[in-house]
Amino acid sequence: MSHVTCIELISFLDAYVAEELDAETRTTFDLHLIVCPSCRAYLASYEETIDLVRGVAEKEEELAHDAPPELIEAVKHVKR
């Protein structure tokens, strides 16, 4: 892959962030990011979203351990 478009970068963003791309493809993506401020901003936003979701999941787990057993049982029995 000698050239990557913005659309291609976005469609492979999961693999890029997870470092699942082969070295040549990753280098091509890195070169695109050097010259494309829009994709750099998109990547930064994407990574920030991942970090925020991870933080919420960790906090949710902490709060679940602090919740009184009666509250947990009451929530389990609420009908949707």
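The values are calculated or read from the model by the stated rules, or taken from the named source; none is laboratory data. None of these values were measured; they are calculated from a predicted model. Neighbour counts are summed over all protein chains in view; Cβ atoms, including those assigned to glycine, are modelled from backbone coordinates with ideal geometry.
Applying a threshold of 6 Å to beta carbon distances and a minimum spacing of six or more residues, or different chains, the list of pairs starting in the stretch 1-26 at a residue that is within 19 Å of E47 (Cα to Cα) and ending at one that is among the hydrophobic types (A, V, I, L, M, F, W, C) and part of a loop (DSSP other than H, G, I, E, B) reads A15/L21. Among the residues making up the stretch 45-80, a single one is within 18 Å of E19 (Cβ to Cβ) and either modelled with pLDDT under 80 or basic (K, R) (or both): R54.
In the stretch 1-23, the qualifying residues are those that are among the hydrophobic types (A, V, I, L, M, F, W, C) and assigned to a loop (DSSP other than H, G, I, E, B), and the one that is modelled with the lowest pLDDT is M1. Assess whether Y42 counts as being modelled with pLDDT under 95 and surrounded by 13 or more Cβ atoms within 10 Å (Cβ to Cβ). Spelling it out, it is not the case that Y42 is modelled with pLDDT under 95 and surrounded by 13 or more Cβ atoms within 10 Å (Cβ to Cβ).
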